[in-house]
Amino acid sequence: MNERIAIIDGIRTPFCKAGGQLREVSADHLGAVVAREIIARTGISGEQLDEVIFGNVSQPSNAANIARVIGLRAGVPQRVPAYTVHRNCASGMESVTTAANKILAGEADIILSGGTESMSNIPLMFNKKMVRFFEELGKAKTTVQKVKVLLTFRLGHLAPVLGIVEGLTDPICGLIMGLTAEKLSREFGISRQEQDQYALASHSKALAAIQAGRFAEEIVPLPVPPQFKSVIIQDDGPRANQTIEALQKLKPYFDRKNGTVTVGNACPLTDGAAAVIVMKESKAKALGLNPLGYLRGYGYAGLEPERMGLGPIYASAKVLERTGLAVSDMDLFEINEAFSAQVLANLRAFESTEFASQKLGRSTALGAIDPDKLNVNGGAVALGHPVGTSGIRLIITTLKELRRRGKQRGLASLCVGGGQGGAVIVEVE
Amino acid sequence: MAHYFSLSIEHGIGWLTFDCPGEKINKLSASALAELSEMIAQAKTASDLQVLVIVSAKTDIFVAGADIAEIQNIDTPEDGYAKARSGQSIFDQLASFPMPTIAAIDGAALGGGLELALACLFRVVSDNPKTQLGLPEVNLGIIPGFGGTQRLPRLIGVQAALPMIISGGSVDGNKAEKLGLADRCVSSAFFRSEVVRFCKECGSDEGRQRILARRQSNVKGQWVEALPFGLAMVASTARRAVILKTHGHYPAPFVAIRSVVEGLKLSLADGLDQEAHRFSELVGTPISKNLIALFFIQEELKKYTGVPAGVLARPVRHSGVIGAGLMGGGIAWLLSSKGIAVRIKDVNWNAINLAYQSASKIYAKLVENRKMTRCESQLGLNGISATTDYSGFGTAEVVIEAVVENMEIKKKVLGELETHLREDAVIASNTSSLSVTEMASGLTHPERFVGMHFFSPVNRMPLVEIVPGEKTSPETIATVVQLAKTLKKTPIVVKNGPGFLVNRILIPYVNEAVWLLEDGAEIADIDRIMEGFGMPLGPLALADEVGLDVGYKVAKILEAGFGERMAVAPSFDRIHQKDDLKGKKSGKGFYIHEGIAKKPNPDIATLIYRGDDHAISSEDILDRLVLIMINEASRCIAEGVVEKPEYLDIAMVMGAGFPPFRLGLCRYADQRGISEIVGRLDTLSKTAGTRFVPSNALVQMTKVSSTFYS
């Protein structure tokens, strides 16, 4: 990248466990709230925007090209175009890096980027047999034909297809995401105990951040439609009374017999949205803005789908090489906690010379990550992981924390279902 | 000649085009009707004419109706009867035309316009949303007099016709086709060619039969009329519906029902004559004159800007609302529903959520009543955002302040607000009675500050009082007047002063009701008498609705501003001290409220300072309540609080629910006679209190024997 991209400011909704407080709220509404809010807070008007880009994974059928729906709901003028990007769990991050490309290519000056996800609203679907049944019934003309079709009905027709399970199952290796984490736990020798300890720490760090009001800096409170009986002020994932004993009691969820991954040491399904406004550093200066921070560089990398959880190290290697920076140049790290096992596997890989030489083609390890600099305000195990949104949340959280600490540079990264990783390096000055 | 109509014949189709010269609409004035008569006669003699099509040259208008100014000038029943008969005879010419006649309607066909179409053999309408067919005469206190009450029920059946006639509502093209009112609804985009196609179809006998058969199959429920008591049944149902809606204050719907029902028992010719008689009973009556005058004032207000010509209003696309109470929420709904972005600010998110709640309730209700689509309501709700600081206020062109009615708090909030806005943003205060000039005194830019008093509930009350302070600039006034119009409200500029206009008149009326309680009147009697007068709610029920605390506060402000004549009744003080007596919102006030039901609160009696109980007549109750308002209204006019009596009257109709059939306080006083009013006030000032001493303005009017409207 020849010029840094300024991130003027970032905002997100509270993250809420799917099926909970935001179950009635659509992804486009969540997106519209953050889009409107970031416009209000930055003072950049909708008229100044050249594009709206949103990341979204589950792509609700009632809001095709959800970015366009969000733009119009947020009051962005109709003449400003919009499109949706999908890089699975990195979709939110993709909305920012795609915007950076577009700006550096001279195709746009100011872009509103965001991510949104309502995992509550991923549909249950009719199975193939039921769909066929409906088709036949539709074709039947006479009463006799109709009765004939009706008689073919069996209760089994009603067994739903769970969109969420299908979405979280890799179609190449056939593993559900939790089992890819189990694979890493075995290959890197990460015990159940280690994972639970990691999860507990995530909760306590997140709680401390909430209590200190740190997340309030990035959250816009959300009055909850349709009836507005409540306002959500903060994330509802972090548990105050979380104990190691309680975590240890949980049964493994994906490999019930010999597994180590539980719902306690993995991230919950989550609803939430986030948005930023981006432009060239020089443009921000010309407008007299004081950006939250800058995007220094980014990288995406592909790997084996069954080891998708290692995505961060591959992507980090790429962005470090591109920017000429080293792990030691980073003041903070955010690695998305899809699974505790997967984050811990990355930590081992970062410091492993063997991994570096075998997988990354390097003679030395990428560099050990100081645990005190990693996910200092907790991570997705506690906060949740709205898949289309997390990538942006990591960028916002990293930049706000760098500013609080008076530090300069951070690396934010996540693993991506399907066997990819994404990483960005952000700076505040 | 040929000012209004032109006739051209192409391929056997005679196009009789109505094009009122120099007007945007077509209306059936006496001279237009006379010319129509000649044109029909002329068409009759045209040798190559096979079908006659009546069509309009105006966009979105077929015929908007009769000339209302001409109706207003009818003073005697004889004149009314003659006018109706003459119109009927011209339409009869059309009805008896030897060739098929078609009304081709691509726009509004209302009143006389629809009656013209009904006299044709066929009606072709368009799917243009502006295509509306209706008979709104009852809204002007009269009934259709050119055959509407006779031809419509004969065409579509009495069950479909009666509701249209007595409600004055209209139907669109598709609905008209479904009712059998139109023979075909065609695309507006290809209107002319579709009409030609229709003409070809009705060129043959069998084509005509086919069209008539289809029409017959669309008309539903005519079997009811065939029953022995069918007509009587339908009529009595209609009468009940009218009473429910108007409490019997408006005679026109009842006369319309009679005209329809009686007419159906007669031949068409006799029915028409009967209709003309009934029309003549209503036209020229005070109620009709009042409703017509109200219509003209409303027309005048459409062009109202509140400022001298040349002052331009600034467009508003982004707005802010400070204070997320009931009013704030209602105003946020109003702005967002018209596509204006709204940013709400309050001190905490629970308060903000209440604003979302009230806005979403109004949206939900509109969707439920099919006044709005789900998409529109969702988009509207998404137009509202909120904050506890002033972030996002930098883009607002107008900010409406709706915090608690307290001068100190308002001044503090406004001072704070001003620093967060762009220099040319207008700040409007939704105050109901505080001085706008004083509120502006702490501002760096008082010229951009103005009062903008919405009435509660915002979604239902059409009036907005625009209150300039001493330093308010004309641009600021123009901007909020235009904004109020964009919001589909009726803005009226009034002078800054305690209670502005409507509350200054209305609160003494509520206060007087409490004085009446002290003098021995009963809660239920007071309200019943005023509801009988035509007010939607009696004064005590109104006080409960508004909130006794709110009403009391304004009453105190008025007392401080105007002194003794506005002294708050001592019992009102005592009632106000009871925390549980806040009116409907606390469940108890002058009434005990249970859901929508209410009964007089027996506890109130214990709080009333009863003087010597003496029987108080209904006349006295009514006059004390109405005349206290008239007395104050005359002062408002004299002091120039409002530009003219017409605007005062419409403000009372739109802001206080004063009965439209009486037009307003000033008109009521005129119709009753100013000297009689002054006489009654004199008497009351001796028996009921010095607050009834007639105003200098009224006394002056009697001296020169003038009236409010003269």
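The values are calculated or read from the model by the stated rules, or taken from the named source; none is laboratory data. Quick caveat, the model's predicted, so the values are computed rather than measured. Backbone-built Cβ (ideal geometry, glycine too); neighbour counts: all protein chains shown.
For segment B:483-524, the set of residues classified as at pLDDT below 95 and among the acidic types (D, E) consists of B:E518, B:D519, B:E522, listed by residue number. Of all residues assigned to segment A:378-386, none qualifies as being of a type outside the set (S, T, N, Q), out of contact with any His (no Cβ under 6 Å at 6 or more places or on another chain) and over 21 Å from A:A199 (Cα atoms).
Of all residues in segment A:348-369 being of a type in the set (S, T, N, Q) and in a loop (DSSP other than H, G, I, E, B), which is farthest from A:N265 (Cα to Cα)? Steps first, answer last, please.
Here is the first cut: in segment A:348-369, the ones of a type in the set (S, T, N, Q) are A:352-353, A:357-358, A:363-364.
Right, trim to in a loop (DSSP other than H, G, I, E, B) and you get A:352, A:363-364.
Values: A:S352: 24, A:S363: 33, A:T364: 31 Å.
Checking each candidate, the answer is A:S363.
In segment B:323-349, how many residues are part of a helix (DSSP H, G or I) and either touching a helix residue (DSSP H, G or I) at 6+ places or on another chain (Cβ under 7 Å) or modelled with pLDDT of 95 or more (or both)?
Taking segment B:323-349 as the starting set, the residues that turn out to be part of a helix (DSSP H, G or I) are B:326-337, B:349.
Within this subset, residues satisfying the condition of being either touching a helix residue (DSSP H, G or I) at 6+ places or on another chain (Cβ under 7 Å) or modelled with pLDDT of 95 or more (or both) are B:326, B:328-337, B:349.
Total satisfying the criteria: 12.
Looking across segment A:243-254, the residues that are in a loop (DSSP other than H, G, I, E, B) and either within 14 Å of another protein chain (Cβ to nearest Cβ) or surrounded by fewer than 19 Cβ atoms within 10 Å (Cβ to Cβ) (or both) come down to A:T243, A:L250, A:K251, A:P252, A:Y253.
Look at A:S95 and say whether it is farther than 22 Å from B:C375 by Cβ and within 14 Å of chain B (Cβ to nearest Cβ). No, not satisfied.
If the condition is being without any contact (Cβ under 8 Å) to a residue 60 or more places away in the chain and either more than 10 Å from chain B (Cβ to nearest Cβ) or touching a Cys at 6+ places or on another chain (Cβ under 9 Å) (or both), then segment A:17-59 contributes only A:Q59. Within segment B:169-184, being part of a loop (DSSP other than H, G, I, E, B) and crowded, with 19+ Cβ neighbours inside 10 Å holds for B:G180, B:L181, B:A182, B:D183.
Can you tell me which residue within segment B:355-389, out of those that are at the interface with chain A (Cβ under 10 Å from one of its Cβ atoms) and assigned to a loop (DSSP other than H, G, I, E, B), is nearest to B:S319 (Cα to Cα)? Ranking the candidates gives B:G383 first. Scanning segment B:503-562 for residues that are part of a helix (DSSP H, G or I), touching a strand residue (DSSP E or B) at 6+ places or on another chain (Cβ under 6 Å) and buried (at least 18 other Cβ atoms within 10 Å of the Cβ) returns B:I523, B:D544, B:L548.
When you check B:T437 against the structure, is it buried (at least 21 other Cβ atoms within 10 Å of the Cβ), in a helix (DSSP H, G or I) and of a type outside the set (A, V, I, L, M), yes or no?
Considered against the rule, which asks whether it is buried (at least 21 other Cβ atoms within 10 Å of the Cβ), in a helix (DSSP H, G or I) and of a type outside the set (A, V, I, L, M), B:T437 comes out as no.
Kindly provide the set of residues from segment A:70-81 that are more than 10 Å from every other protein chain (Cβ to nearest Cβ) and buried (at least 24 other Cβ atoms within 10 Å of the Cβ), ordered by number. Scanning segment A:70-81 gives A:G71, A:V76.
Among the listed residues B:G320, B:G310, identify the single one that is at pLDDT 95 or above and of a type outside the set (V, I, T).
Working: B:G310 fails: at pLDDT 95 or above.
Result: B:G320 is the single residue among B:G320, B:G310 that is at pLDDT 95 or above and of a type outside the set (V, I, T).
Of the residues examined, A:G418 is one that is small (G, A, S), at positive phi and outside any helix (DSSP H, G or I).
Scanning segment A:238-245 for any residue that is closer than 30 Å to A:H29 by Cβ and of a type outside the set (A, V, I, L, M) turns up at least one such residue.
Scan A:P226, A:P238, A:P221 and give me the residue that is within 11 Å of another protein chain (Cβ to nearest Cβ) and either buried (at least 19 other Cβ atoms within 10 Å of the Cβ) or of a type in the set (D, E, K, R) (or both). Outline the logic, then answer.
Values: A:P226 fails: either buried (at least 19 other Cβ atoms within 10 Å of the Cβ) or of a type in the set (D, E, K, R) (or both); A:P238 fails: within 11 Å of another protein chain (Cβ to nearest Cβ).
Result of the check over A:P226, A:P238, A:P221: A:P221.
Select from segment B:350-364 the residues that are among the aliphatic types (A, V, I, L, M) and in contact with a helix residue (DSSP H, G or I) (Cβ under 6 Å, 6 or more places away or on another chain) and list them in ascending order. Reasoning before the result, please.
So the first thing to find is which residues in segment B:350-364 are among the aliphatic types (A, V, I, L, M), and the list is B:351-352, B:354-355, B:359, B:362, B:364.
B:A355, B:A359, B:I362, listed by residue number.
When B:A238, B:A232, B:A256, B:A269 are checked against the criterion of being assigned by TED's automatic domain parsing to the domain that holds B:A182, crowded, with 16+ Cβ neighbours inside 10 Å and over 29 Å from B:D649 (Cβ atoms), B:A238 stands alone in meeting it. Looking at segment A:255-347, the strands (runs of 3 or more DSSP E) lying wholly inside it that each contain 2 or more residues that are at pLDDT 95 or above, touching a Ser or Thr at 6+ places or on another chain (Cβ under 7 Å) and over 30 Å from A:G46 (Cα atoms) sit at A:332-335.
Yes or no, residue by residue, for (1) more than 9 Å from chain A (Cβ to nearest Cβ); (2) under 18 Å from A:V224 (Cα atoms); (3) surrounded by 14 or more Cβ atoms within 10 Å (Cβ to Cβ); (4) β-branched (V, I, T):
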residue: B:I344; (1), (2), (3), (4): yes, yes, yes, yes
residue: B:N353; (1), (2), (3), (4): no, yes, yes, no
residue: B:V404; (1), (2), (3), (4): yes, no, no, yes
residue: B:L417; (1), (2), (3), (4): yes, no, yes, no
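Taken together, the residues in segment B:391-402 that are at the interface with chain A (Cβ under 10 Å from one of its Cβ atoms) and either under 29 Å from the mean Cα position of the chain (by Cα) or closer than 21 Å to A:T13 by Cβ (or both) amount to 2. Filtered by the rule that a residue be polar (S, T, N, Q) and crowded, with 24+ Cβ neighbours inside 10 Å, segment B:133-155 gives B:T149, B:Q150. Please find, among A:E94, A:E136, the residue that is under 18 Å from the mean Cα position of the chain (by Cα), among the charged types (D, E, K, R) and either surrounded by fewer than 22 Cβ atoms within 10 Å (Cβ to Cβ) or modelled with pLDDT of 90 or more (or both). Unique residue meeting the criteria: A:E94.
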